[in-house]
Each structure stands twice: as C-alpha cells, then as structure tokens.
1. How do 46-54, 79-87 rank on mean C-beta neighbours within 10 Å, highest first?
2. For segment 75-123, please report how many Lys pairs fall under 19 Å Cα to Cα, leaving out neighbours fewer than 8 apart on the same chain.
3. With the Cα gyration tensor of segment 21-139 giving a ≥ b ≥ c as the square roots of its eigenvalues, does the rule (a/c under 1.5 for rounded; else a/b larger than b/c for prolate; else oblate) give rounded, prolate or oblate?
4. Among 120, 99, 81, whose Cα sits farthest toward the positive end of the charge dipole of segment 75-123 (+1 at Cβ of Lys/Arg, -1 at Cβ of Asp/Glu, about the Cα centre)?
5. Under a plain spin-label model, where a point goes 7 Å from the Cα along Cα-to-Cβ, how far apart in nm are residue 47 and residue 65?
6. Just the number please: accessible area per residue for segment 75-123, 1.4 Å probe, all protein chains included, in Å².
7. Could you calculate the contour length gain from residue 137 to residue 27, that is, 0.36 nm times the residue separation minus the distance between their Cα atoms, to one decimal place in nm?
8. Give the calculated FRET efficiency between residue 117 and residue 38 to the nearest 0.05, with a Förster radius of 25 Å applied to their Cβ-Cβ distance.
Amino acid sequence: MTIKGISINKQSNKQIKFKTNKYIKYKIFNIYIKTTLNNTFITLTDIKGQIKATCSGGKLGYKGSKRSTVYATENILLKILKTCLNSGVKKVQLFFNGIGKPKKMFIKLIRKNGIKIIALNDITPIPYNGCRLPKKRRV
C-alpha cells in the first residue's frame, strides 16, 4: 500500500520511504562570474546563496598568463555548465563582476547548452569619487 511517497509493508508495520530523485529542490540557480586581468572565477550557488560548485583557471591547470585567455574562460564555464546539467538546473541568474572578457560569449555558451537565463546583473563596484589623484607635475 502506498500513500504519497510512503510505502507500508502489510506484514511488518514499518514505513519504508521511496528513494527520492537526486534532483535539486529549486531549479533556479545563480552563476557569479568574476573576471580579473589575470584570472576568471565562476561560482554556482542556489537561491539561498549556498555554494554548489566553483571553478577558476588555476583549478583547471592553467598557469601564469594562460589563465586570463578567452579559451581558459570558455573551459571554466563549460565545466560549471556540465555540473548544472548533471544536477538538473533549468534556469539561471547571471551576476557579472569585474572588467574584461566579453559578456556576450558567456551568454551564448549558456544558451547553447539549453539553460534559460532569467536575469543579467552587473555587480561591478563603481567608485563615486574614487581615490585622490596624484599631485600635478610642475614644469
């Protein structure tokens, strides 16, 4: 006899739970892409902000200036997308941080792999007045 996912064996009155699928409770996840001049960091989090997967150029084995190449950033994103697809993620919110690296490339790769993009956010900090400029040179 089964009642809402719980099966009850008639001989012994023990309750045996069904094996739940290993899908994620929320299908919407956040991808944080931080690009610097020397490296790219991509983090996959759930809605609550708990980190599920991270990747960077150094984790994939790139050394020195090779970490900052477009080829390395593609491979980093593809590795994160592979974990997304394996865990059943359907929709994603993108958060960009930093300079450089074309953002259109990230969007194309994500759409190509069959994941919908709900929101695009640029969270790069912008200084209002910034640091004090150096003294003008007198000639």
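The values are calculated or read from the model by the stated rules, or taken from the named source; none is laboratory data. Remember, predicted model here, so these are calculated numbers, not experimental data. Reconstructed Cβ throughout: ideal geometry from the backbone, glycine too, with neighbour counts over all protein chains shown. In case anyone asks, the SASA skips ligands and DNA or RNA and just uses the protein heavy atoms, side chains included. Shrake-Rupley method; radii C 1.70, N 1.55, O 1.52, S 1.80 Å.
1. On the way: 46-54: 12.0, 79-87: 15.8.
For the peptides 46-54, 79-87, the packing ranking is 79-87, 46-54.
2. 27
3. Working: a/c = 2.61, a/b = 1.82, b/c = 1.44.
Here segment 21-139 falls in the prolate category.
4. The one lying farthest along the dipole's positive direction is 81.
5. Simple spin-label model gives 4.6 nm for this pair.
6. Numbers: 2840 Å² over 49 residues.
Here the per-residue accessible area is 58 Å².
7. Details: separation 110, 0.36 × 110 = 39.60 nm, distance 5.76 nm.
Between residue 137 and residue 27, full extension yields an extra 33.8 nm.
8. Numbers: r = 27 Å, r/R0 = 1.07.
Rounded to the nearest 0.05, the efficiency is 0.40.
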